[in-house]
Every structure is written in structure tokens, then in C-alpha cells.
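Read the structure below first, then the notes.
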Amino acid sequence: MTTPTVSATYDREHIGGLYRSYLSKGRATLGELFGGHLETRSEGAWLTTHDDRRFLNCGGYGVLITGARHPTVVRHVAEQLDRHPVASRIFLEPQAALAAESLVDKAPAGLERVHFACSGAEAVETAIKLARTLGKDQLVATHGGYHGKTMGALSLTGKDLFQDPFRPLLPGVHHVPYGDVGALEELLASMPGRACFMVEPVQGEAGVILPPAGYLRAVQELCRTYDAFFVLDEIQTGLGRLGAWWGADLEGVTPDALLAGKALGGGIMPVSAVIATPKAFAAFDRDPYLHTSTFSGTPLAMAAVRGALAALTEEDLITRARDLGEEILPNIRSIAHRHFGPLVREVRGRGLLLGIEFTIPGPAGDLLIELIAQGVVANHSLNSHLVLRLTPPAVLSASDVRFLYEAFDRACQAQAARYVPTLESDSAHA
């Protein structure tokens, strides 16, 4: 068996065969559905495939707010790789301490302790354990919410499709409608002092669902009233995705624990974090072996965190995400409505988390595939087959934005021809 070099030329059929033989036949089929492309390079807002075709990357599920291979992140990671990538975990290690300091500096006031992990789901599991140390044995989440697929996180993820094959899950788990303060109060009142409520500022995988104004402030007040542990899952929404450092900042709330991930590794390293109040973190302060992981706070990942936070700060990418979102949303909305008309239920978003929701199954998936044909990578929504998502980076140039509009217009025009005549025909026969 030969090992390809970094600069090797890859054969699409060969790689697809390896996926089928060693990874997942289903994943190989999805790859074929999306055009059979092999992504081999990336820089900024663009990725390049094995045949040198370039795609504007408005996907990535929230990871690439700083774009791919941002120079500041690359510099931090490269310097650390050259010095000391993995720690012994016996001695203290500078990068973890410096990354934690930088992260706390950007977090809502009152969140002063950090536990690093590798994935968003691990951060969720950590938050569940923090809640348990405080006697919170009843877990509450929202319908349509997405918190990961490890067993504890999956118990909170509000989608039967993902849960059913793995039941029984954790006991004592409850779900309430997202944005429904009354339903939450009724449930918390029935279990005072025992609940942990985990919620997203904006539901990403549910299809970019925005809550009513004031929802997070009301949640915070209810959690205080009924002594519930308040966890804000910002794994997808944090670090500029909503046009603010955190969704928490948009309503001025401070949860007991805030979860960060995806963009935290600067698009280079997988890393997540729980940022908590000293009270919430007290058990972990007392016993450093109570919750551990071999690669938690590994120096290479911590360098990526420092690089990501530096890039976001130095280039003011938080403001850039807000401004880009305010520009892109109405234009995407106009294009979608012009082509699909009443088949578009809503085009909504905040910052650079945008969703196009249709009234019938089909257009979201077909538009995703058509966008790829037009040179744009987007996202589907795991908890909603009706919604196509755009999660572009904050480093889009003016020409990138124009390319997005033109490609989206062509994709909508091509796919609307399949659906709109049917709609008109149905109306004529009504």
C-alpha cells in the first residue's frame, strides 16, 4: 500500500471506493449525490476540489467564521506544532492557561472558569456533569434543539429520528417548545431545585429558529426563580456567528454555563469549551480528576483557540459578521421569493446564520445540490428537511458576496422551474 503525499493527485473513484470499504457506504452515497467532489485545499472563503474547481464555502456548520487557514490561526498553530503539540498532563502547560484567559475575557461577565474539550458534544456532556454536581438530576431541553449525538447529548437533542435507535437514553429528560416561556415555567415549577435547562440562542439545526424577543432574559429569570441550572449552548451561535460575540450578549444574560465550539478552533483544530461561573465549577475546582480527557486542552488546540480569538478581535470580524448578515439576508430573501414565490415560507436569520424555509419537502434538498453545481457549498438542517442554511465566513469580500448572489439566483431559477409550474397547475385545478 502506498501512502499519498500532501501534493498527490487523487482519483475520485478510488477515494469513493475506500469510503465504501472502510468508512461508510451511506457517506459514500451522499458524496455521490453532492457531485462526487473531493475537497483537497481551502483558503479564506473558498475550497478547492481534486480537479481544481473552486467553491464558495457558505457551509461548514458554523466552523469557519474566520474562513479557512486564517493566517493568524495558522501562525499560532504552526509555532506550537514546531515546539510542543501534545502535553504530558503532569506539568502545567502555558497555552491552556493563556487560551482560558483569552476566552474568559470575551465571555459574559461572571463566567470565569473554563473546561476545554474536543467536540461540542463533549462540552454538552461536561455541562450535564456540572449540573449533576449541584444536584440537578432533571434535564430540560427544547423540541427541535440540537446538542450532539453522544448518549447524554443525544438525550437532550430534540429529534426522535436520532434518538429512537439508541433508546433507552438518560432518564429524567424533558422537552418543552422552543420560545414558550409558559411551558418552561410550568415544568420548572414542578421540580424546584432539580432542573438543568439547556437551550440555544438561535436553533441552528432546527432550521435557524429565532426565539421571541426577550426569551433568554425570561429563561434566566425563571431559572433563578426555580433554582434551575441554566446552560446556553452557543457551540454554533457563539464567536460572531450571530453578529455578536455571543447570543447571550444580544439579550444581556449570563448563564451558569456557556458552551463554545465549532469556530473556537479557528477552522483548524477541533476544540470546544464550557465557560462557567465559579459556583457552577466548584466541584471541578476541588477535584481536577473528576472529569478529564487525554486531549482536553492539548497545546496545539489551545494555540488554535488563541489564534481564533486574536483573528476575530484584530480584524473586528464580529462587526463584519453583523454587517454582512444585514446585507446578505434581504438580498437572499428577495431572490428566493422572486423565483419560488409562495413556496418560500420564510427567509430568516441573524448575523451569518441564515435559513431559507420552504412550505413543501423537496426544494431545500434540491437547492442544496443545485448550489453545489453553481459553485456554492451550503448546509442542510439536521432537524428540518424544509430548511436550507447558509453559514458563510465573516471574511467574505465584496466579490465573494456578488458571486453568492449570482450563484443563488441561478440555482433558484433552475430549481424553481421544477416546482413552481406544479404549484400553478395545482392552483388552476383547485
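No lab work stands behind these numbers, since they all come straight from the coordinates. All values derive from a computational prediction rather than experimental measurement. So basically every Cβ, Gly included, is an ideal-geometry build from the backbone, and we count neighbours across all protein chains shown.
Data table
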{"item": "Positive-end residue, the chain charge dipole about Cα centroid, Cβ charges, pick of Ala276, Gly44, Ala153", "result": "Ala153"}
{"item": "The chain: translational diffusion in µm²/s, Stokes-Einstein, Kirkwood Rh over Cα pairs, 37 °C, 0.692 mPa s", "result": "145"}
{"item": "Using a Förster distance of 22 Å, the FRET efficiency for Arg69-Glu112 (Cβ separation, nearest 0.05)", "result": "0.10"}
{"item": "Length gained when the stretch Val420-His385 is fully extended (0.36 nm per residue, less Cα-Cα span)", "result": "10.7 nm"}
{"item": "DSSP bridge pairs, segment 71-314: antiparallel proportion in percent, nearest 5", "result": "40"}
{"item": "Choice from Ser24, Ser272, Ser384 with maximal GNM fluctuation in the chain (Cα, 10 Å cutoff)", "result": "Ser24"}
{"item": "Radius ratio Rg over Rh of segment 231-381, counting only Cα atoms, Kirkwood formula for Rh", "result": "1.06"}
{"item": "Dipole axis of segment 71-314 (+1 Lys, Arg; -1 Asp, Glu on Cβ), positive-most option in Gly172, Val208, Thr298", "result": "Thr298"}
{"item": "Per residue, the convex hull volume that the Cα atoms of segment 71-314 enclose (Å³)", "result": "120"}
{"item": "GNM flexibility winner over the chain from Ala99, Ala304, Ala213 (Cα, springs under 10 Å)", "result": "Ala213"}
{"item": "Calculated FRET value between Asp82 and Thr9, using beta carbons and R₀ = 35 Å, to 0.05", "result": "0.80"}
{"item": "Segment 263-298 residues near the modelled Val104 label - backbone nitrogen below 11 Å, point 7 Å along Cα→Cβ", "result": "276-278"}
{"item": "Relative exposure of Ile360, Ile235, judged by other C-beta atoms within 10 Å (fewest first)", "result": "Ile360, Ile235"}
{"item": "Stokes-Einstein diffusion coefficient of segment 98-200, Kirkwood radius over Cα pairs, 20 °C, 1.002 mPa s, in µm²/s", "result": "145"}
{"item": "FRET E, pair Arg217, Leu169, Förster distance 22 Å, beta-carbon r, rounded to 0.05", "result": "0.10"}
{"item": "Total charge dipole magnitude, the chain, about the Cα centre, Cβ charges on Lys, Arg, Asp, Glu only, Debye to nearest 20", "result": "520"}
{"item": "Most fluctuating residue given options Ala141, Ala257, Ala310, as computed from a GNM of the chain linking Cα atoms under 10 Å", "result": "Ala310"}
{"item": "Between segment 24-74 and segment 139-159, the Cα center-to-center distance that results, in Å", "result": "27"}
{"item": "Phi-based couplings in Hz for segment 137-142 (Karplus 6.51, -1.76, 1.60; Gly and Pro marked x)", "result": "9, 10, 9, 10, 9, 10"}
{"item": "Beta bridges by DSSP in the chain, antiparallel share as percent, to the nearest 5", "result": "65"}
{"item": "Cα→Cβ-extended label distance, 7 Å offset, between Arg338 and Glu326, nm", "result": "2.3"}
{"item": "Kirkwood Rh (inverse of mean 1/r, distinct Cα pairs), segment 319-396, angstrom", "result": "12.7"}
